[in-house]
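Engineer: Right, I'll just put the structure down here and ask away after.
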Amino acid sequence: MKTILKNCKLVNSDKTEIYIEDGKFADKFDEKIADEVIDVNGRTVLPGLVDMHVHFREPGYEYKENIATGSAAAARGGFTSVCTMPNTNPVCDNAAVVSGIIKKANEVGLVRVYPIGAAGKNLESNELAEIGLMKEAGIVAISNDGKPIATSGFMRKVLEYSSDFDIPVLNHEEDLTISDGAMNEGEVSTSIGIRGVPTASEDIMIARDIILSEYLGIPVHICHVSTKGGLRMIREAKARGVKVTCETCPHYFTLTDKSCENYDTNFKMHPPLRTEEDRLAVIEAIKDGTVDCIVTDHAPHHQDDKEVEFSHALNGIVGLESSFALCYTYLVKPGIITMEKLLELMCYNPSNILKLGRGGMNVGDDADLAVFDLDNEFVFEKDKMLSKGRNTPFDGWKLYGQTVLTMMGGKKTYELR
Ligand SMILES: [Zn+2]
């Protein structure tokens, strides 16, 4: 199968054509022997995006999302690789669940799915999960996401054991003893009478993980950072050579806790939306390289889990289909970062941290790419989403950067119609 993409705009290259042969980027060949010639009309072609933090809910919660609908949503967002968190049912804490997810994802064939295995059996912080066997089955990282790796003793064990298997540890940063709340603790939570989660809950755990990483000399990756204090500690740790990396999400630089004022549960997630000061700190940390990755934390829920009282609603929002457009509209378009920098955040860095080997567009690399319309505004509509989840705070937002086409291994996985 031979495909040519014509009239492309590439980042850092004057080339206007892309050649694909048998699923790989190829050297130029004659248009006459091409099976398909796609005119992308001057749109921007990027390497397929990588999201190292999603929840696809299968096995166990297929009424929220399944591997097929999650994969379709990823492809629509321009993603060609995603890493799935282990808080499924059964929990992804053994090789059988890992193999099952990979098998299903391959059958669906819309995105490369790299499972993340649980650190502790059943996401608890007591007994180690089968990390070695899960690695053989195909996991790319260890995490208890949804929950923190709760105690310092267990975190130390997880870091040491995982490092023996050369597998990264990603931690959801939350001190459960002070995080019993439904939104950020502050002026807004007080004024609307909702119990708050202090930034200290996140910051204390980030401090602990930096201290352990530095003491043991083992890398640690900090999930979805939302606080100014957390980012300050990560920046300082990096400066003195600690092997710490981190991620944030589009909602932490586009929204604040003020959005919770009308009790809309589509603004409820964990960590919660913070203050304007934190939002600006997230942008600063993206700019100065403190933040390594932007992830979605795509967390689909059924409406029955969300259409309840704010305090009782489940945490999380969907993100795969809005992420690139939010990043482009709010970071690249206003000139805060360049497109090259956005590619580091949404493709190269996550691929490097997890050793996925993605993002290449040289001859011989897998033809994973996404085409975006950066020039025309579009309205993001929740009813057009391919995810089963409808829990987005971005319905009706006017954005730039709509996905036009996604290809994984030279195969079309999404096409705008
Ligand atoms: Zn989390």
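The values are calculated or read from the model by the stated rules, or taken from the named source; none is laboratory data. Computed from a prediction, not measured in an experiment: that's the story for all the values here. All Cβ positions, glycine included, derive from the backbone under ideal geometry; neighbour counts span all protein chains shown. Note: accessible area is taken over every heavy atom of the protein model, side chains too, but ligands, DNA and RNA are not part of it. Shrake-Rupley method; radii C 1.70, N 1.55, O 1.52, S 1.80 Å.
Engineer: With N set to the number of residues, divide the alpha-carbon radius of gyration of segment 1-66 by 2.2 N^0.38 Å and report two decimals.
Structural biologist: Segment 1-66 yields a ratio of 1.58.
Engineer: Between rounded, prolate and oblate, where does segment 370-417 land on the alpha carbon gyration tensor, with a ≥ b ≥ c its root eigenvalues, rounded for a/c under 1.5, else prolate if a/b exceeds b/c?
Structural biologist: Since a/c reaches 1.5 but b/c is at least a/b, the shape of segment 370-417 is classed as oblate.
Engineer: With just the Cα atoms of segment 255-317, tell me how far they stretch along each of the three principal axes, in Å, largest first.
Structural biologist: Principal extents (Cα only, largest first): 40, 22, 11 Å.
Engineer: Does segment 28-76 classify as rounded, prolate or oblate by the C-alpha gyration tensor (a ≥ b ≥ c root eigenvalues; a/c under 1.5 gives rounded; else a/b over b/c gives prolate, otherwise oblate)?
Structural biologist: Taking the square roots of the gyration eigenvalues as a ≥ b ≥ c, segment 28-76 is prolate.
Engineer: Quick one: check the C-alpha center-to-center distance for segment 303-367 versus segment 189-207, whole angstrom.
Structural biologist: Taking the Cα centre of each part, segment 303-367 and segment 189-207 sit 25 Å apart.
Engineer: What's the magnitude of the charge dipole for the chain around its Cα centre, counting Lys and Arg as +1 and Asp and Glu as -1 at the beta-carbon? Answer in Debye, nearest 20.
Structural biologist: In debye, rounded to 20, the chain gives about 460.
Engineer: So what is Rg over Rh here for segment 103-170, counting just Cα atoms and using Kirkwood for Rh?
Structural biologist: Looking at segment 103-170, the ratio lands at 1.02.
Engineer: Something else: Starting with the highest mean, order 72-78, 377-383, 323-329 by the number of other Cβ atoms within 10 Å, averaged over the residues of each peptide.
Structural biologist: By packing density, highest mean first, the sequence is 72-78, 323-329, 377-383.
Engineer: Determine the calculated [θ] at 222 nm for the chain from helices alone, applying -39500 (n - 2.57) to every DSSP H run no shorter than 4 residues and normalising by the residue count; nearest 500 deg cm²/dmol.
Structural biologist: The per-residue figure over the chain is -8000 deg cm²/dmol.
Engineer: Residues with amide H under 5 Å of THR413's amide H, sequence separation 5 or more or different chain, H placed in the peptide plane at 1.01 Å from N; which?
Structural biologist: Amide H neighbours of THR413, under 5 Å, 5+ apart: THR406, MET407, MET408.
Engineer: Going by average Cβ density within 10 Å per residue, which order do the peptides 185-194, 226-235, 290-299 take, highest to lowest?
Structural biologist: Taking the mean over residues of other Cβ atoms within 10 Å, the ranking is 290-299, 226-235, 185-194.
Engineer: Could you give the accessible area per residue of segment 290-417, probe 1.4 Å, as a whole number in Å²?
Structural biologist: 40 Å²
Engineer: Using just the alpha carbons, could you tell me how many Å³ per residue the convex hull of segment 129-283 encloses?
Structural biologist: Cα convex hull per residue, to the nearest whole number: 109 Å³.
Engineer: Can you order the peptides 303-316, 248-261 by their average number of other Cβ atoms within 10 Å per residue, highest first?
Structural biologist: Those peptides, ordered most packed to least, come out 248-261, 303-316.
Engineer: List the residues, sorted by chain then number, that are 5 or more residues from GLY120 or on another chain and whose placed amide H is less than 5 Å from its amide H.
Structural biologist: Distant-sequence amide H within range of GLY120: ALA129.
Engineer: If you don't mind, there's one more thing I want to ask. For a bin width of 10 Å, list the pair-distance distribution of the chain built from all Cα-Cα distances, rounded to whole %.
Structural biologist: 5, 23, 33, 26, 10, 2, 0
Engineer: Could you identify which residue out of TYR400, TYR263, TYR114 has the top mean-square fluctuation in a GNM of the chain using Cα springs shorter than 10 Å?
Structural biologist: Taking springs between Cα atoms under 10 Å, the residue moving most is TYR263.
Engineer: Tell me, what ³J(HN,Hα) does each residue in segment 389-404 have, in order and in whole Hz, if you take phi through Karplus 6.51 cos²θ - 1.76 cosθ + 1.60 with θ = phi - 60° and put x for Gly and Pro?
Structural biologist: Calculated HN-Hα couplings, in order: x, 10, 7, 10, x, 9, 4, x, 6, 8, 9, 10, x, 6, 6, 9 Hz.
Engineer: Next question. What Kirkwood hydrodynamic radius, in Å, does segment 307-417 give when the mean of 1/r is taken over all pairs of distinct Cα atoms and then inverted?
Structural biologist: Across segment 307-417, the inverse of the average 1/r is 15.9 Å.
Engineer: Follow-up question, since we're still on this one. Considering only C-alpha atoms, what is the centroid distance from segment 114-151 to segment 4-25, in Å?
Structural biologist: 39 Å
Engineer: In the chain, what percent of the accessible surface is made up of carbon and sulfur (1.4 Å probe, ligands and nucleic acids excluded)?
Structural biologist: Answer for the chain is 47 percent, counting heavy atoms of protein chains only.
Engineer: Taking H placed 1.01 Å from N in the peptide plane, check which residues at least 5 places from ASN184 or on another chain put their amide H under 5 Å from its amide H.
Structural biologist: So ASN184 has HN proximity to VAL197, LEU273.
Engineer: Over the Cα atoms of segment 20-124, compute the convex hull volume and normalise it per residue, giving Å³.
Structural biologist: Each residue corresponds to 128 Å³ of Cα convex hull volume.
Engineer: Now a separate question. For segment 88-154, with every protein chain kept in place, what is the accessible area per residue (1.4 Å probe, Å²)?
Structural biologist: Accessible area per residue: 39 Å².
Engineer: Now for a different question. Take the chain, connect every pair of alpha-carbon atoms lying under 10 Å apart with a spring to form a Gaussian network, then pick out the residue of VAL282, VAL332, VAL97 with the largest mean-square fluctuation.
Structural biologist: Top of the fluctuation ranking is VAL332.
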